[in-house]
1. Give the residue list of GluC sites (Glu not before Pro) in the range 235-295 that are DSSP loop and have at most 11 other beta-carbon atoms within 10 angstrom.
2. At residue 215 and residue 247, where each label point lies 7 Å from the Cα along Cα→Cβ, what is the point-to-point distance in nanometres?
3. Calculate the length of the line joining the C-alpha centroid of the range 231-275 to that of the range 401-435, in whole Å.
4. Per 0.36 nm of contour for each residue apart, how much would the distance between residue 78 and residue 321 grow if the chain were fully extended, relative to their Cα-Cα spacing?
5. What residues have an amide H closer than 5 Å to that of residue 36, excluding those fewer than 5 places away on the same chain, when H is modeled at 1.01 Å from N in the peptide plane?
6. With the crude spin-label approximation of a point 7 Å out along Cα→Cβ, what separation in nm comes out for residue 150 versus residue 409?
7. Evaluate E = 1/(1 + (r/R0)^6) for residue 366 and residue 67, where r is the Cβ-Cβ distance and R0 equals 45 Å; express this FRET efficiency to the nearest 0.05.
8. Check cross-link reach from residue 297 to the lysines: straight Cα distance under 27 Å, and skip same-chain residues fewer than eight apart.
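The values are calculated or read from the model by the stated rules, or taken from the named source; none is laboratory data. Everything quoted here is computed from the prediction, not taken from an experiment. FYI the Cβ positions are ideal-geometry reconstructions off the backbone, even for glycines, and counts take in every protein chain you see. Just the protein is used for accessible areas: all its heavy atoms, side chains included, with ligands, DNA and RNA removed. Shrake-Rupley method; radii C 1.70, N 1.55, O 1.52, S 1.80 Å.
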Amino acid sequence: MGERIEVRVPDIGDFSDVPVIEVLVTAGQRVVADQSLITLESDKATMEVPSSAAGAVLELAVAVGDTVSEGDLVAVLEGDAAQPVVEPAADAVDTPQPPPAARAPVVPAPATPAAEAGPRASPPVRLDAGTLLPGSVPYASPAIRAFARELGVDPRQVRGSGRNGRIVREDVAAFVKQALAETGARAAGFALDLPPLPEIDFSAFGPVERQELSRIRRIAGPNLHRNWVGIPHVTHDDVADITAMEAFRQAHKDEAAAQGARLTPLVFLIKACVAALQEYPRFNASLEAGGGALVLKRYFNIGIAVDTEQGLVVPVIRGCDAKGVVELAMELGEVSQRARAGKLTPQDWQGACFTISSLGGIGGTSFTPIINAPEVAILGVSRARMAPVWDGEAFQPRLMLPLSLSYDHRVIDGADAARFARFLAGWLEDPDHLVL
Ligand code: CAO
């Protein structure tokens, strides 16, 4: 029978009533001198209370959730003069504890008579935030190692942000978040694993000027990149004969202008898109998160890409099904003016179902517009031009409008896209639709 040794909370500085967050041993377990028995965590630090001697744990005086102060009884040991069997803490298997010398100076306990169950001082405990294990294994408290183990995280892979590289709870959480994001990205096919672009000093080749990206470009860039890489785009091209529409537009331009509206092909395109979305509801939808279902929208809000000095913005015109072309033209003029003046509000760019990007005022014959997720399709419009069109007997000069429809192939098949584009062209070509 060995001596009875009481292990008490040693000098823990200014702390008192500190919660016990871990009990690292069980009754009956053999411990070695300086092996941690419990972990305390104040709002400022995590501390371990080590055993002052080797022996078997006869009794544990604290449980998780208790609070302790200096001098409180932690455990009663049956001291073992013989070399104790070393039972490493479970977490020492994958992450060794810091060597005692690195943790705290051990104050040798005074010898006590075997029969006396007198207290034996544990060495003063010190917050070992600055402790690093030999090699590159950063220190983490048992609580944090247990947390890491629970999440299957190898602490050696975690970058500690605490003092001297100590791993804190947030580091483990951040590591898991990052790992999940990477796994998700890989699952979604985002991890292209491409080598980074080399950094080049262009001034070595000639004069250069550095220009900061505008806030709009800095925000839009990553979103465009995500949409481009994350959505399987296909762009379907078609042309619409807008000869009749252009004649109608020219005939009514002044009348519309008198009401403050600039009648451009775009407003007819908005109406045509609403009709096509009504006919093909899959285009007026979003993929539910997880990709298992489509959310079909029963409203018709159209986003319009507007070119501004600060970059591209996409204000939304709401309820386009209930508005005529003059009203749409007025709203388009008003919103694009505000967009160029940098006066759009968050309300202006939320809630679009489908977007139109028109470069028709500038030029081009076709392009690939990038889908504005979570929408599933976008219409690109290039500049109409006169072209010879065979009518069965002869070539006729017709004004042809190029349409480029990009669609999310997870939601829309090529045949549907061809039908949608044909419907659009047919709508624009039908004189019955030419009303103000
Ligand atoms: N074919 C021939 N002419 C066209 C046309 C087309 N497809 N689209 C417009 N036009 C004509 C207009 O009728 C107008 O001429 P008139 O004054 O003689 O009628 C002229 O081109 C200029 O039109 P606009 O561009 O000012 O007006 P809009 O209604 O067509 O477009 C807006 C408004 C805000 C969409 C446009 O100004 C704009 O910003 N477009 C750029 C969008 C963009 O950058 N998209 C790319 C996104 S990817 O980076």
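1. Numbers: sites: 246, 255, 279, 288; in loops: 288.
In loop regions of the range 235-295 (DSSP not H, G, I, E or B), the sparsely surrounded GluC sites (Glu not before Pro) are 288.
2. 5.0
3. When both Cα centres are located, 13 Å separates them.
4. Details: separation 243, 0.36 × 243 = 87.48 nm, distance 8.48 nm.
Going from the current span to full extension adds 79.0 nm.
5. 51
6. It works out to 4.5 nm between the two label points.
7. For residue 366 and residue 67, the calculated efficiency is 0.05.
8. Candidates past the 8-residue exclusion: 271, 323.
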